[in-house]
Each structure stands twice: as structure tokens, then as C-alpha cells.
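Asks: Please see the structure below; I have some questions.
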Amino acid sequence: MARTARKASGVQRAPATAVLLFILPAFALFAVVLLYPMVSALGYSLFEWRGGTNLVGFNWFHNFVVLFTEQPFVEQMPRAFLHNLAIFAGTLVLQNSIGLFLAVQLHRLGRIRRVFQVLYTTPYLVSPLVVGYLWTLLLSPTFGPVNAGLQAAGLDSLALSWLGDPTTALPVLILVSVWQWIGFPVLLYGAALGGIPPELNDAASVDGATGWRRFRRITLPLLTPVIGTVSILTFIGAMETFTLPYAFGGATGSPAGATDVLSLLFFRVSFESGASNALGVSSALATLLFLFILGGALLGRRLLRAQEERLS
Amino acid sequence: MTARRSLGRSTRRRGVIASLALVVSTAMLVSACGGGGSGSSDAVRLTVWTWSNEAAAAFKDGIIDAFEKAHPDIEVEVVPQLDKNYETLLTTGLAGSQSPDIVALRSYGVLSSFAASGNIVPLDDVVKDWSGFSKSALAGAKGKADGKLYAVPQGIQTAQVYYNKKVFADLGLGVPGSWDEFVAAAQKIKDSGTAPIVIPGAVAAQISLAAEILGNARRGAGDFQQAFLGGEKNLTDPDNVAAIGLMEQIKPFLVDNVTSVTLDEAVTLFATGRAAMFPSGTWQVTTFKNLGADIDYGTFDVPVNAGWPSKAVTVSYADGGWALAKRSQHPDQAGQLLNWLGGTEFGNLYANAMGTIPARDGVTLENPLLSEMYQRYQATPSVYLGAAYLRYGSPSGTDLLGQQVQKIWLGETTPADAAKSVQTGIDAWFKPADFAKD
């Protein structure tokens, strides 16, 4: 099939040099703007540095070894990584379920659903830093309205030190993150639902399928690609998350490191530590993070494709 | 009619005088430029970088004029680089061809790291007179590797306990004379229904600062510092454990939910009289003033009990300095400016404009509260160990201590384990031998 296509188009195929010439400007731009910074970070991670950007010498993978053998990384990296995973898991479950539920409900509404779509998407338009700051104010046990309201309602036992207690800080972080980004899956699922031909549901109804069965057997399978896309994007977002944890707990992931994530660790090493070889070690951490996200996203993509093929 | 005519004439006459003046002044200007060559158009222009907008404003508002009056052949431009990553910006700036001449640098580790990079030069022979600076101020300006002075100290931050005078007076309390009295006063304030102590317990660095204010003397102040930097003692020393223990001891007197209190909230709680004491740095004087807080407050250094290894001290650390860029186009003129920045004239102008404690002696502070801190500092200075030495590697010792104290407050660890944990953390990078030269 592929061969015949190539043969057919071969009649009008442009000369290779012309093709290269056309590609060159775009590739140059890509190389300078994307490829160079990425590769340079990888390069930095293989060298030892002293005092900012003074190169000491090539030291192979020593910076990576440091990450797995020396304090604070042996203690803080696994902890931060687990928090990233927890944020991913929590956000994945909540965002997909709530997002899908809202999208299905909105889909049943008529034109008015546009209004709700806009409403649900609004927090998405606000910077996570601002969102974090606002929620810090709202949840403050001393001055915040949330606890004041709970106490006024006689629910003193529920008026917790939300962001000051390690057991609640991370769940609150996840919830606020979901609150902020929920509009995104709602929009995607909404669009996908709109793309499902009504005839399918109508036919199933005629055959006597109930609402839940129709959802389970028709709607859900057809939404699989979108669920996969949302999941992969959630994965990338959760592994890279920085702004919200920073707004909530500062660079140390307060309280007592309960909201520490990998990007905060990176930030502390690269921007705040003033350590002599900060550039090398933080580049190594960035490279690891990049490789993990890339690997995770590719794996997710493959699983998704397998699932799609099984369904089709 | 006549009036108008005379008006016209006088206007004309004024015009003649004006054009005459113009000709004369132009002639003078031309002769000045042609002759001496020291006119303003030939003046050497020095560029100074700072991270602080306030500092840049203070310079523009009189400090530069004072310098240029005494040095007519030098022009100074102070550029605030308001980047969160000032140091990164500086790394690039100092390495480039458009290097600034003088840069403000944060003390201790940051300065040391720039000294190691070779992009700033030693000032031991550039600045003629270092005698006005205290030893602790100069310690913050030294390069770790060679022990040379790389900056003219800019200022000092002191840290002490702010207290609400009205709350204290209403309860018949005076400034406590011992730690036991301090705790008794806190108990009395608590019984009266006011929160005795507020600490921004959500912010690791702020907790660490508070721990230092409370514990520096208990740990042994300067003696401990020497032993610590000499490698004879480390943070698991019983005196340091006891010092961290003071943070556990004050737990009942802290505001509710202390681990969620941000810096803003702490300031608000103290400024509105809802908390009676607030251990914090010099800069809060400016904060309270800017808030327009209607509060009568004073400050004291944390008192000690008999038998503690040190008397009461003023916790302090060097807060930045002025360094000379290696690629400066005008090192001689920059040297003149640095000498001036190290003098009393600048000390007076800068400290009073900025509301900070000067790094050198012989300065008169207008603000009575700051003046008190300055006097206490000169009498009994003791270095904030964390800010001076434990912040310049990964993990930061002050961050670690802040987190451990949070854990103590949350009931998750003990002072002894906390001390051990901080020591294990800084062991990754902190080598006492590096500081033997101090």
C-alpha cells in the first residue's frame, strides 16, 4: 500500500535538494529554539561546574550518581517523586471522573451548556500562582473565610489547619489543582461527546439498552482516545507541577516537606542553593525528569493505541 | 496703551538679555570643554547593579549627588536588576563585555561563589581603610578559598524579639531579664487571652530565623560558632539540641495553627495586637511603618538563664556588599567609589535612607528603634550561623532546620533527632575546614 502510494506520487516528486531547502528554515528555527536548549541541558549535566557557569571539566555521569547516592537527594528525591505520583494519581482519578461527569451532564443541556463550559473553564485562565495565593488566603485558619464559615456552622472539628498539616496539605493541593484545571477535560469530553453520532444511541435505545448500558457500551469506548489524551496531559502536568506547590508551601514544600515535588527540588538546587556545582546537578535532575516524562508519555501513548485497536 | 508698550519694551529687553546670556554661557561651555577636558561630558561613567529597588531609589535620591559633588569627574548610575534570579543575571552580566563596574552581592556563600568564579576582584588593597567595619561584617565579605576581602559590606541585619508595649504594660510586665522570666511572661499573656508569640511557621526560612533568635545564646553564641567552624563541634552538640529544644518549649505559647501562618499573617497578627511577641529581623521596622500600624512596640534580645554558655546576644548577619567587577572599564574610578562606599558619609546616608543597620561604626541613626538595635549589635554581636554558613549548598541548613522545627511542632520529631537530621543534611556539602581561615 505504502509502496504504491510512493510510486504514484513519485511522478511529481520534488528533487531532494528542494525538499531540504524548504525544510531548512523550519528546522533551523526548531534547532535553535527547541533542540539547542534541550540538548545543552543534557550537556551541562555531564560536566562539573564551579561558581555559576565556570566549567571545571567533564565528569561523565557523576552528577547523576550524586542524585542517587548523596544527601539531600537520596532523601528528598524519592519523597518528591512520590508526591508527584500522588498528584498524578489524584488528579487523574478526580479530573477524569468529575470532568467526564460534568461533560455528560452538560451535553444533555441545550445551548445553555456554553455558559457552564465558560464558567468551568474560568479558573483555567487564572495563573496557578494567583490561584495558589487566593486559596492560601481562603484556607488560612487565622484569617480565611473557609474556616470562619465552618466554625460559624458549628463544624469546629472540620476547621482544620489545611495547609499547615502534612496530612491535609497534599490532598488540598490536589483538589485545588483539579478545581483549577477541570475546565480542560470538560471541554475535551464535551467536544468528543458532540462527535458521537446520535444514531448509535438511538439504535441502542430501540434495542432496549438502558441509559447506563448505552454509556458503558457506546459512549465510553468512543471516548477512549480523549480519556487517553487527558490522562497523558495530566501526567505531564503533574510531573512538572511547580507553581501551585510553590504558592502553597514555598520552595521547601511546607509543612515539613509535605508538598515537596521534583520541580521544587530542582528550584532549590539550581536557583537557591548557591552550591558550587548547582548547574551540573540540577541539569542532571532536569534531564532525569525529562526522560521520565518522555518515557511515561510514550508508554501512555502506546497503551492508548493498543486500547484503541482493541476497541476498533 | 502705554502700559502695553512698556510691556513690549521690557519683553524685548528681556529677550536681549536672554540671548546675551545664551551666548556667554555657550562660550563658557565651549571654553570649558576645549580647555580642561574635565567637563561633565568627559566624566567617567560608572555603572552599579543592585537587586534592590529601594537601594537604587536611595542612591538616586541624594547619595549619588553627594558622591559626584566630591568626585566631579565621575558619574554614577545605579541600575536595579529586579530579577528573582539576580545572581544568574549577574553571572552573565559579569562575564560579558558590557560588564557593570560595581555590583551589590549577597554576603557569605553567594559572594564566595562569585569570588571563586574570578569575575570579581579582591579589594584588600583597593579599599584603604577597613578599620571601621566589625569583624563579623567582614566575615561575610571574604572569599572562602583565599580569605581575601571581596566586598565592601553594605549593611547588617539584626534579629530580635519585637514586643507589644501596651500588652506588656497592661499586664504589668517588663522586658524579661531571663529565659525563665520570658516563659513566665508568655504564660501570663496567654492567660490574658492574647497569643504570646507569633512565628511565620509556614515558611522554613522564617522559622529558622526565629530559632536562631531564641537559641543563639543557648547554643553558645560566638564560642559555639568558632568550635563549629573549626570542626570541633557539630549541630548534634547538646547545647545546640537544647537551643532547638527552646522551640519546643515555646510551642504552647505560639499562635494557633502556627505551621500554616505565613509571613504576612504573622506581621498582621503582631501589628494588630493579636500576638504580643514576634521574633524577626530589622526590616520589620520598615514593614510596620509602611503598614501604618498603630502599635507601640519595642525590641529586646532574648534573655538567658544563669548557667547558659553565653550571655544575651544580638543575632546578626552581614547583608550584602559592594564588589568590583573584573571586567570594569574604569577600575581606578570604581576604586574611588568603593572607598567612598566604605566611609561614614555613605554609611550615614544609606543606613538612614534604607532603614537598615550600618555595617561600620561611626554612623548616627535617626530612627530610635534602629539606633537601639545598632547599639546592642555593636555591644554584643553574634552571627546567625544558618544565614552566614549553612545556606550555600544543597540542602540549605536553614531550610532543613525550618522543616525540622515544623515537625517538632507537629509532634513528629524531637529536638535531638531534629539536630541530627539537619547535621546529616548539611554533611553533604558543608566542610568545616573551608572556614578555618575566618
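Asks: Rounded, prolate or oblate: which fits region A:113-177, taking a ≥ b ≥ c as square roots of the Cα gyration tensor eigenvalues, rounded meaning a/c under 1.5, else prolate when a/b beats b/c?
Replies: It comes out prolate by the Cα gyration axes.
Asks: OK, next. Kindly identify residues of region A:246-268 having a loss of at least 10 Å² in accessible area between the isolated chain and the assembly of all protein chains, probe radius 1.4 Å.
Replies: A:Tyr246, A:Thr252, A:Ser254, A:Pro255, A:Ala256, A:Phe267, A:Arg268
Asks: Over chain B, what is the relative contact order in percent, taking alpha-carbon pairs closer than 8 angstrom and at least six residues apart?
Replies: 23 percent
Asks: Let me ask something additional. Among DSSP bridges having both ends in chain B, what percentage is antiparallel? Round to the nearest 5.
Replies: Once the DSSP bridges in chain B are tallied, antiparallel ones form about 60 percent.
Asks: Something else: Quickly estimate the mean residue ellipticity at 222 nm for chain B, helices only: each DSSP H run with n ≥ 4 gives -39500 (n - 2.57), and the total goes over all residues, rounded to 500.
Replies: Taking each H run of at least 4 residues, the total per residue is -14500 deg cm²/dmol.
Asks: Arrange the residues B:Arg106, A:Arg217, A:Arg268 by how much accessible surface each exposes, largest first, with a 1.4 angstrom probe.
Replies: The most accessible residue leads, giving A:Arg217, B:Arg106, A:Arg268.
Asks: Report the A-B buried area as the accessible area lost on both sides summed, probe 1.4 Å, in Å² to the nearest 100.
Replies: So the buried area, both faces added, is about 2500 Å².
Asks: Of B:Lys165/B:Lys407; B:Lys233/B:Lys431; B:Lys69/B:Lys135; B:Lys165/B:Lys289, which sit over 22 Å apart, Cα to Cα?
Replies: As for pairs spanning more than 22 Å Cα to Cα, those are B:Lys165/B:Lys407; B:Lys69/B:Lys135.
Asks: Percent relative contact order of chain A, based on C-alpha pairs within less than 8 angstrom and at least six residues apart?
Replies: With pairs under 8 Å counted, the relative contact order is 27 percent.
Asks: Would you mind computing the Rg to Rh ratio of chain B from its alpha-carbon coordinates, Kirkwood style for Rh?
Replies: Radius of gyration over Kirkwood radius for chain B works out to 1.10.
Asks: If you don't mind, another one. For chain A, what does -39500 (n - 2.57) per DSSP helix run (n ≥ 4), summed and divided by total residues, give at 222 nm, in deg cm²/dmol to the nearest 500?
Replies: About -22000 deg cm²/dmol.
Asks: Please identify the helices of chain A, taking whole runs of DSSP H, that span at least 27 Å along their own axis as judged from the Cα atoms and have a mean Kyte-Doolittle score of 1.0 or higher.
Replies: A:220-240
Asks: So for region A:220-312, what are the equivalent ellipsoid semi-axes in whole Å, largest first, each being the square root of 5 times an eigenvalue of the Cα gyration tensor?
Replies: 34, 16, 7
Asks: May I ask you to give the percent of accessible area on chain B that is carbon plus sulfur, with a probe radius of 1.4 Å?
Replies: Result for chain B: 53 percent of the exposed heavy-atom area is carbon or sulfur.
Asks: Related question: Let me know the charge dipole size of chain A about its Cα centre in debye, to the nearest 20, where only the beta-carbon of Lys, Arg (+1) and Asp, Glu (-1) is charged.
Replies: So the magnitude is around 1420 debye.
Asks: In addition: Per-residue accessible area for A:His62 at 1.4 Å probe radius, Å² rounded to 10?
Replies: Spelled out: A:His62, probe radius 1.4 Å, area about 90 Å².
Asks: Work out the charge dipole of the protein assembly as shown with +1 on the Cβ of Lys and Arg and -1 on the Cβ of Asp and Glu about the Cα centre, then indicate which of B:Ala243, B:Tyr377, A:Pro72 is farthest towards its positive end.
Replies: A:Pro72
Asks: With every protein chain left in place and a probe of 1.4 Å, what is the accessible surface of B:Glu77, to the nearest 10 Å²?
Replies: Per-residue accessible area (B:Glu77): approximately 70 Å².
Asks: Something else: Any number yet on Rg/Rh for region A:67-311, C-alpha, Kirkwood?
Replies: Across region A:67-311, the Cα-based Rg/Rh ratio is 1.04.
Asks: Next up: Between beta-carbons, use under 11 Å as the cut-off and find the net charge around A:Leu137, counting Lys and Arg +1, Asp and Glu -1.
Replies: -2
Asks: Toward the positive end of the charge dipole of chain B, about the Cα centre and with charges on Cβ (Lys, Arg +1; Asp, Glu -1), which of B:Val267, B:Ala58, B:Met354 goes farthest?
Replies: The listed residue farthest towards the positive side: B:Ala58.
Asks: Could you tell me which of A:Leu279, A:Thr219, A:Leu138 has its Cα farthest along the dipole of region A:67-311 towards the positive end, charges placed at Cβ (Lys, Arg +1; Asp, Glu -1), taken about the Cα centre?
Replies: Working it through, the farthest residue towards the positive pole turns out to be A:Thr219.
Asks: What is the dipole size for region A:97-211, taken about its Cα centre, with +1 at each Lys and Arg Cβ and -1 at each Asp and Glu Cβ, in debye to the nearest 20?
Replies: In total the dipole reaches around 340 debye.
Asks: Looking at region B:104-120, which residues lose a minimum of 20 Å² of accessible area between their chain alone and all protein chains in place, measuring with a 1.4 Å probe and not counting ligands or nucleic acids?
Replies: By number: B:Ser113, B:Ala116, B:Ser117.
Asks: Now for a separate question. Taking all protein chains together and a probe of 1.4 Å, list A:Glu240, B:Glu75 from the most accessible to the least accessible.
Replies: Putting A:Glu240, B:Glu75 in descending order of accessible area: A:Glu240, B:Glu75.
Asks: Pick from B:Asn257, B:Asn339, B:Asn348: which is most flexible by mean-square fluctuation in a GNM of chain B where alpha carbon atoms under 10 Å apart are linked?
Replies: The residue with the greatest mean-square fluctuation here is B:Asn257.
Asks: Same structure, new question: Compute, for A:Tyr44, the solvent-accessible surface of its heavy atoms (probe 1.4 Å) with the complete set of protein chains present, and express it in square angstrom to the nearest 10.
Replies: Surface accessible to solvent at A:Tyr44 totals approximately 90 Å².
Asks: Continuing with this model, one more query. Cα to Cα, under 18 Å, and not fewer than 8 places away if on the same chain: which aspartates and glutamates meet these conditions relative to B:Lys84?
Replies: Qualifying aspartates and glutamates at Cα under 18 Å: A:Glu272, B:Glu54, B:Asp319.
Asks: Let me ask something else. Averaged over its residues, how many other protein chain Cβ atoms are within 10 Å of peptide B:264-276's Cβ atoms?
Replies: 1
Asks: For A:Gly228, what is the net charge nearby, where nearby means another residue's Cβ is under 15 Å from its Cβ and Lys, Arg count +1, Asp, Glu -1?
Replies: Here the charged neighbours net out to +2.
Asks: Then there's this: Roughly speaking, to the nearest percent, how much of region A:67-311's 1.4 Å accessible area is carbon and sulfur?
Replies: Taking all protein chains in place, region A:67-311 shows 68 percent carbon and sulfur surface.
Asks: Can you compute the charge dipole magnitude of the protein assembly as shown about its Cα centre, using +1 on each Lys and Arg Cβ and -1 on each Asp and Glu Cβ, nothing else charged? Give it in debye, rounded to the nearest 20.
Replies: 3080 debye
Asks: Using modelled backbone amide H atoms (1.01 Å from N, in-plane), which distant-in-sequence or interchain residues come within less than 5 Å of B:Ala275's amide H?
Replies: B:Phe270
Asks: While we're here: Which value, in Å², gives the accessible area per residue of region A:67-311 when a 1.4 Å probe is used on the protein heavy atoms?
Replies: Per-residue value: 49 Å².
Asks: Considering amide H positions built from the backbone, and no H for Pro or chain starts, which residues 5 or more places from B:Thr314, or on another chain, come under 5 Å of its amide H?
Replies: The answer is B:Thr380, B:Ser382.
The values are calculated or read from the model by the stated rules, or taken from the named source; none is laboratory data. Just so it is clear, the model here is predicted, and its values are computed rather than measured. A quick note on method: Cβ atoms are made from the backbone with ideal geometry, for glycine too, and the neighbour counts reach across all protein chains shown. Note: accessible area is taken over every heavy atom of the protein model, side chains too, but ligands, DNA and RNA are not part of it. Shrake-Rupley method; radii C 1.70, N 1.55, O 1.52, S 1.80 Å.
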